[in-house]
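Please read the structure below before turning to the comments.
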Amino acid sequence: MINFIVEDRDGGQVPISIPEGITLNLMEALKASDYDIMATCGGMALCATCMVQVVEGAEQLPSPRDNELDMLDTMPFSDDKSRLSCQIEVNEQLEGCVFKIAG
Ligand code: FES
């Protein structure tokens, strides 16, 4: 299992476990866990409605690609902890990470 923590908009933290070998991105995993993620563009890095803050573990994640950085640059409240959850594959690199759902 791949285990990480999700902090919702109210600050509550919930551990999430995803079986290894399932092809999901973080946005899909959050939606499957009933988090209110709009993901209007369906994971194309075009809407930023799937934005999260990486509270812990940013250093173990792959760096964002240019299309993700370009979209994050357009968001007034993004910072260096912001990521588009649709651009993060769920794999062992997420083990122990803490993600906060963006407001
Ligand atoms: S779902 Fe649109 S940017 Fe992630």
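Summary of values
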| item | result |
| --- | --- |
| Qualifying residue in the stretch 80-90 (condition: open to solvent by less than 10 Å² (accessible area, probe 1.4 Å), over 11 Å from the mean Cα position of the chain (by Cα) and modelled with pLDDT of 95 or more) | no |
| Boolean, residue 16 is at negative phi, open to solvent by less than 20 Å² (accessible area, probe 1.4 Å) and either more than 16 Å from the ligand (Cβ to nearest atom) or assigned to a loop (DSSP other than H, G, I, E, B) (or both) | yes |
| Restricting the stretch 42-59 to residues that are assigned to a strand (DSSP E or B) and buried (at least 16 other Cβ atoms within 10 Å of the Cβ), the residue that is nearest to the ligand (Cβ to nearest atom) | 51 |
| Residues of the stretch 1-13 classified as within 19 Å of residue 60 (Cα to Cα) and outside any loop (DSSP other than H, G, I, E, B), total | 6 |
| Looking only at the stretch 71-87, and only at residues there that are more than 11 Å from the ligand (Cβ to nearest atom) and not in a loop (DSSP other than H, G, I, E, B), the one that is farthest from residue 103 (Cα to Cα) | 73 |
| Top-ranked residue of the stretch 91-103 - restricted to ones that are over 13 Å from residue 30 (Cβ atoms) and assigned to a loop (DSSP other than H, G, I, E, B), ranked as most open to solvent (accessible area, probe 1.4 Å) | 103 |
| Hits in the stretch 19-41 (condition: open to solvent by less than 60 Å² (accessible area, probe 1.4 Å) and small (Gly, Ala, Ser)) | 29, 33, 39 |
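The values are calculated or read from the model by the stated rules, or taken from the named source; none is laboratory data. Note that the coordinates shown come from a computational prediction; the quantities given were computed from them, not determined experimentally. Positions of Cβ are backbone-derived with ideal geometry, glycine not excepted, and every protein chain shown enters the neighbour counts. In case anyone asks, the SASA skips ligands and DNA or RNA and just uses the protein heavy atoms, side chains included. Shrake-Rupley method; radii C 1.70, N 1.55, O 1.52, S 1.80 Å.
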